[in-house]
1. Restricting the search to the range 404-431, which residues are touching a helix residue (DSSP H, G or I) at 6+ places or on another chain (Cβ under 7 Å) and either part of a helix (DSSP H, G or I) or under 30 Å from Gln500 (Cβ atoms) (or both)?
2. Take Asn249 and decide whether it is among the polar types (S, T, N, Q) and buried (at least 18 other Cβ atoms within 10 Å of the Cβ).
3. Among (1) over 42 Å from the mean Cα position of the chain (by Cα); (2) closer than 26 Å to Arg129 by Cβ; (3) surrounded by fewer than 18 Cβ atoms within 10 Å (Cβ to Cβ), where does Arg208 come up short?
4. Under 7 Å by Cβ, and 6 or more places apart or on different chains, what pairs join a residue from the range 249-275 that is of a type in the set (Lys, Arg) with one that is surrounded by 17 or more Cβ atoms within 10 Å (Cβ to Cβ)?
5. Which of the residues that make up the range 229-286 are polar (S, T, N, Q) and under 24 Å from Cys298 (Cβ atoms)?
6. So which residues in the range 155-169 are in a helix (DSSP H, G or I) and not hydroxyl-bearing (Ser, Thr, Tyr), if there are any at all?
7. Does any residue of the range 348-359 turn out to be out of contact with any Asp or Glu (no Cβ under 6 Å at 6 or more places or on another chain) and not in a loop (DSSP other than H, G, I, E, B)?
Amino acid sequence: MADSVAEAMAKLQLDPETGEMVSKGELKKRMQKRARKAAKVTAKDSQPPRAETKATEKKPASKAADSTLDPDAMFKQGFLSDVYNLRPAPKVRTRFPPEPNGYLHLGHAKAIAINFGFARYHGGETMLRFDDTNPDAEEEKYFHAIEDIVRWLGFTPHQITYSSDNFQRLYDLAEKMIQIGRAYVCHCTEADLKLQRGGEDGKSPRFRCAHADQDVETNLTKFRDMQAGKYEPQTAFLRMKQSILESGNPQMWDIVAYRIPKNRTPHIRTGTKWHIYPSYDFAHCLCDSFEGITHSLCTTEFITARESYEWLNKTLGVYEPMQREYGRLNITGTVMSKRALKELVERGHVRGWDDPRLYTLIAIRRRGVPPGAILSFINELGVTTSLSLIQIARFEQSVRRYLETSVPRLMLVLDPIRVVIQDLGEFEGQDVELALSPKKPEFGSYKAKITSTVYIDRSDFREVTSKDFFRLSPGQNVGLLNMPHPIKALSFSKDPTTGQVTEIQAALVRDAPKPKAFIHWVPEGSRKVTVRVHHALFKSENPSAAEGGYLADLNPNSETIYPDALVNSGFEEVRRRAPWPQAEGEKAGAGPEGVRFQAMRVAYFAMDSDSTEDSIVLNRIVALKEDSKKEAEK
């Protein structure tokens, strides 16, 4: 029986408009009817077509293209190939240098993929360097979270280093800068600095700070007093003596090399040894030099910093890495700044920094997006010097394509209605063997029991029959996926208080013609789970620009919870064999989010970290189809 049922199921296809499983012939007729209707609408439209707005990102690749997408394509040609050819190296060494002052977001995944991928493609290595030069903002948890995410994405650092490893060496070079007349201690206020740089509008003549005329001994004494703790924060800082009068680049206007942190928080690794800390502009290029970085790859907001990067290394006569800049990745419809995310968390609008509605990488991971899907998405976009401004729907479509052939399929009912099938006869208690994936036989199968009481989704039943509804309704036949015969609704009961249907009496129809639609179901005894279906956290494409700010743009319906959902017995097998898919970064120790599956006709889901052995919580990863009519109705 199982073979015949499986054979019948293989011939069914999903109707994307209604969410029903129907025969190929029925689907063809429906599609033709819709096409004729669309053609009539088009014929009536006498207006000329509007010119298409040029998109800021590439169109999604077709499925055929996706299946052959070369994961090394962005290194073989285009911008990154040109970067390598500018400076071919027998041993490429790159670095990913995050500041340990927050959780990484989706944009950082691009930086990780580029730096680690570039080195791997050219047979080199990548350093994970923590830029720990601001103890006021750094916390131990961020160090661990960043390393964990890098490894989860499937990358292994050649070495983990810290800018603080070089604090003494950096300090010595700062003194050298003073000795060669290329740095001075300044006591100017913020207002003074603005005047030196051309005033508020930048149109006044620039001029150099008077402190730049101090002699070497005075500057050395003051700098050493800064390190000795003799100055209060913001009363003294070391500036590089660059080209404030000659250069049009603000990065050459005597920028800061060392400062005293405002809160004087002890450093996580060095404690209270240092009272002063190097700026990013001073430490970054020198640490690149110390570590022998061949290609320093960063985003285009640092393109003006390249001049000061090269100037400082050249001035000090140290090894000079090559810096080049690529376009950063931004996502519309959300916020990713640390300040905004912190406010959302602290005000309780989300559960935490890993809430699945956010786009931090720990949130995307908790939501259930596999690391391979993120890397595939980045590879699809490619790498250029242009900003990639991507809609959330584009990201989700890429994830959906990745999941389609990489996770198993089960049946899950979000909002169950009890259906009692009369005269089930010899089928009562029989096992049906179900494939975990019709496209991947190697996934194997599991057994599901046929019971006289089953549960279907509330959306698959209507109290009144209508000609445009092919699922279950009084007197109408509907197929149950993997069941030998269709069923017909005979009667139903309702809760007198809520008016909701609580039970449907149905009969097995053995001699019925093939039904027009099939729906999913689960048998009696299926595991109860809580399902969280997340929608966009914000209502607009640019929450920060919304009237009243991003908090006023919050979507009050960004989460729907189904506390009584039911999933069939295959869930235990999927859970046992997780993670799905077997991604490199999840092999060693996958979290609960590795339990991923497609709930047929519903969506893709993953297990949430709130789950316990007795209480399973599932998160929707993505819908089965973007903007489907059934999704909109819910």
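1. The answer is Leu410, Asp415, Ile417.
2. Against the criterion (among the polar types (S, T, N, Q) and buried (at least 18 other Cβ atoms within 10 Å of the Cβ)), Asn249 does not qualify.
3. (2)
4. Final answer for the pair search is Arg259/Phe237; Arg259/Ile276; Arg259/Tyr277; Arg259/Ser279; Arg269/Asp132; Arg269/Tyr162; Arg269/Ser164.
5. Of everything in the range 229-286, those that are polar (S, T, N, Q) and under 24 Å from Cys298 (Cβ atoms) turn out to be Gln242, Ser243, Ser247, Asn249, Gln251, Ser279.
6. Once the filter is applied, which keeps residues that are in a helix (DSSP H, G or I) and not hydroxyl-bearing (Ser, Thr, Tyr), the range 155-169 yields Asp165, Asn166, Phe167, Gln168, Arg169.
7. Among the residues of the range 348-359, not one is out of contact with any Asp or Glu (no Cβ under 6 Å at 6 or more places or on another chain) and not in a loop (DSSP other than H, G, I, E, B), which makes the answer no.
Table: residues versus (1) out of contact with any Lys or Arg (no Cβ under 7 Å at 6 or more places or on another chain); (2) surrounded by fewer than 18 Cβ atoms within 10 Å (Cβ to Cβ); (3) modelled with pLDDT of 95 or more.
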position	(1), (2), (3)
Pro16	no, yes, no
Lys28	yes, yes, no
Ala38	yes, yes, no
Lys44	yes, yes, no
Gln77	yes, yes, no
Ser81	yes, yes, yes
Leu86	yes, yes, yes
Val92	yes, no, yes
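The values are calculated or read from the model by the stated rules, or taken from the named source; none is laboratory data. Predicted model only: the values in this text are computed from it and were never measured. Here the Cβ is made from the backbone with ideal geometry for all residues, glycine too, and neighbour counts use every protein chain on show.
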